[in-house]
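Worksheet for the structure shown next.
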Amino acid sequence: MRPFLNALALFALLTSFQACKKIIDIDLPPTDSKVVVNSLFTDNSPIKIHVSKSIGVLENIFPECTDATVVLRENNIITDTLFFQSGYYYSHIPAEINKNYALEVIAPGMETVFCEDYIPEKVLLQNYVCTDSVLIDEDGFIINELKLDFDDPAGPSFYEVQLSANYVTDNNFTSIWFKKNSDPIITSTGLLDYNPRTLIFTDKMFDGKHCSVKIYFATDTYADYNLKITFRSVSESYYKYKERLFAYLFSLDFDIISGMSEPVNLYSNIKGGYGIFAGYSTDEKIITVSGK
């Protein structure tokens, strides 16, 4: 009878929440709207940015800014004025590695904002080996191991690993989860509890040395699949943005028993506004993995 009583107690709790609803009108003071800039840019591609305006907490609109003037500086020299097309602003020329890029965004009636960042030198994977079925977790998922080897340049460096997979036969995508990761390089970030969709880490444990990092993941397929490894060298601003983004996305999950998580402020490097302007470079590899 105890499980039945527990179910009744839970039902009573839920219905009491529904019965105690009360609508309260909150008169909040108006807030000054600020420019919001969002762009993650990479080498050999034009810089693409989205410009919008911040809104109040009770507003449900998404005001895009289509009449801004966006000036691009390369190594502190004005090189371009971005053009607007299909909701985004684009540079006329592709970005390059190891060059500093800065934006000045001028929107009518709003404070002008500034931001700057660079694209780090591309770090290449020297070796990449996937080993199937190294573990089975408590839920019965088969855990695979991906070992990545690369040489880290001297000085602070920041990295991101993204995995995606599709079936060899029909090119349909299959899901991937990071599970049972225990490599100190990965665990030292403290981000695994947020169930991130990518893994980010720094070179604090191997600055200027050869690195071999092990990543553990599971898939929902028993068929053959191609595993695409996206290995990014990212700027410090990129890293800090993703670090806070993982915590923010995790905080959106609502648990009716424990309640909402503490609010998380996103990282921004936009002076006078909000958003992110950050660079990265990428090395990609594809491995064909046999089904179980």
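In the range 109-120, the count of residues that are at pLDDT below 95 and not charged (D, E, K, R) is one or more.
Counting only residues that are farther than 30 Å from A154 by Cα and in a loop (DSSP other than H, G, I, E, B), which one in the range 204-228 is nearest to the chain's Cα centre (by Cα)? Ranking the qualifying residues of the range 204-228, first place goes to D220. Only one of the listed residues (P196, P263) is of a type outside the set (D, E), at negative phi and open to solvent by 60 Å² or more (accessible area, probe 1.4 Å). That residue is P263.
Filtered by the rule that a residue be open to solvent by 40 Å² or more (accessible area, probe 1.4 Å) and under 30 Å from S281 (Cα atoms), the range 113-141 gives F114, E116, Y118, E121, K122, L124, Q126, N127, Y128, V129, T131, D132. Selection within the range 45-58: residues that are surrounded by 11 or more Cβ atoms within 10 Å (Cβ to Cβ) and assigned to a loop (DSSP other than H, G, I, E, B). The member of this set that is modelled with the lowest pLDDT is G56.
Checking each residue in the range 185-238 for being charged (D, E, K, R) and within 17 Å of K122 (Cα to Cα) picks out D203, D207, K209, R232, E236.
Scanning the range 176-189 for residues that are open to solvent by 50 Å² or more (accessible area, probe 1.4 Å) and not aromatic (F, W, Y) returns K180, S182, P184, T187, S188.
Mind telling me which of the residues F201, F250 ends up being over 19 Å from S157 (Cβ atoms) and aromatic (F, W, Y)? Please lay out each step first, then the result.
Numbers: F201 fails: over 19 Å from S157 (Cβ atoms).
Result: F250 is the single residue among F201, F250 that is over 19 Å from S157 (Cβ atoms) and aromatic (F, W, Y).
Residues that are in a strand (DSSP E or B) and either touching a Pro at 6+ places or on another chain (Cβ under 7 Å) or loosely packed, with under 12 Cβ neighbours inside 10 Å (or both) within the range 94-112 comprise just one, P94. Scanning the range 161-196 for residues that are of a type in the set (F, W, Y) and part of a helix (DSSP H, G or I) yields one hit, Y194.
The values are calculated or read from the model by the stated rules, or taken from the named source; none is laboratory data. These numbers come from a predicted model, not from an experiment. Ideal geometry is used to build each Cβ from the backbone, glycine not excepted, and the neighbour counts take in all protein chains shown. These area figures cover heavy atoms from the full protein model, side chains too; ligands, DNA and RNA do not enter into them. Shrake-Rupley method; radii C 1.70, N 1.55, O 1.52, S 1.80 Å.
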